[in-house]
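*Asks:* Following this message is one structure expressed as structure tokens.
Values in this text are rule-based calculations from the coordinates and carry no lab data. The structure presented is a predicted model; accordingly, all values stated were derived computationally and were not measured. Neighbour counts are summed over all protein chains in view; Cβ atoms, including those assigned to glycine, are modelled from backbone coordinates with ideal geometry.
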Amino acid sequence: FSPVLLNSSQQTSHYNPIVIGSRGKSASSERTCEPSTRTLQPIVTGTGVLGLKYKDGVMLAADTLGSYGSLARYREVKRLSKISDTTLIGGSGDLSDFDNVVKYVREMSIYDNAHDDGCKMTPKDVHQYLGRVMYNRRNKFDPLWNEVVVAGFRDGKP
């Protein structure tokens, strides 16, 4: 038996029980009683992204339509993002998940720049990082519903 604390800010018709601990359990084993929720399927999605490598560079192209089911709902969605002077990413699939992907990569880029050691993340580094992030989320049964294209330059070569 675990004592339960009811959150007083909740409406009386909806309770949010929280386990606050019990005998024989450490404070680190505290957790909520409500079930965790996961995105079971993408809601607002974008279609494909095209990446091209040519003699002097790389190019990414994507449409700007965000679909809510079969409804063409959002017409000005950005699905391409410049991460650094040498790296671009584009994503299809769930748009909110792609926003999270961009946030993760930008946070990693800021962390990398904060070291001020002269080393910068290359497109290959960004690709490997995203592979690990997506694998980690999939193993937690909370996948990112995206396909991501990473393009850029390293040592002046596309």
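*Asks:* List, in order, the whole-Hz ³J(HN,Hα) value for each residue of region 121-131 obtained from phi through the Karplus relation with A = 6.51, B = -1.76, C = 1.60 and θ = phi - 60°; use x for Gly and Pro.
*Replies:* Computed from phi, the couplings for region 121-131 are 5, 8, x, 5, 4, 4, 4, 5, 4, 5, x Hz.
*Asks:* What ³J(HN,Hα) values, in whole Hz, does the Karplus curve 6.51 cos²θ - 1.76 cosθ + 1.60 give for region 66-83 when θ = phi - 60°, with x put for Gly and Pro?
*Replies:* Karplus-based 3J(HN,Hα) across region 66-83 equals x, 9, 9, x, 9, 8, 6, 8, 10, 9, 10, 8, 9, 10, 10, 9, 8, 8 Hz.
*Asks:* Separate question: Excluding same-chain residues fewer than 8 positions from Lys82, which lysines have a Cα within less than 18 Å of its Cα?
*Replies:* Lys53, Lys103, Lys120, Lys124, Lys157
*Asks:* Write down Rg/Rh for region 44-152, rounded to two decimals, with Rg from the C-alpha atoms and Rh from the Kirkwood relation over Cα pairs.
*Replies:* 0.99
*Asks:* Between rounded, prolate and oblate, where does region 55-106 land on the alpha carbon gyration tensor, with a ≥ b ≥ c its root eigenvalues, rounded for a/c under 1.5, else prolate if a/b exceeds b/c? Mind showing how you got there, number by number?
*Replies:* Working: a/c = 3.15, a/b = 1.60, b/c = 1.97.
Oblate, since a/c reaches 1.5 and b/c is not below a/b.
*Asks:* So, in nm, how far is label Lys82 from label Gln41 when the simple model puts each one 7 Å beyond its Cα toward the Cβ?
*Replies:* The modelled label-to-label distance comes out at 3.8 nm.
*Asks:* Also: Please list, in order, the residues from region 87-111 whose amide nitrogen is less than 19 Å from a point placed 7 Å along the Cα→Cβ vector of Tyr135.
*Replies:* Of the residues in region 87-111, 101, 104-105, 108 have backbone N under 19 Å from the label point off Tyr135.
*Asks:* Tell me the label-point distance for the pair Ala72, His115, using the 7 Å Cα-to-Cβ offset, in nm and rounded to one decimal.
*Replies:* 4.6
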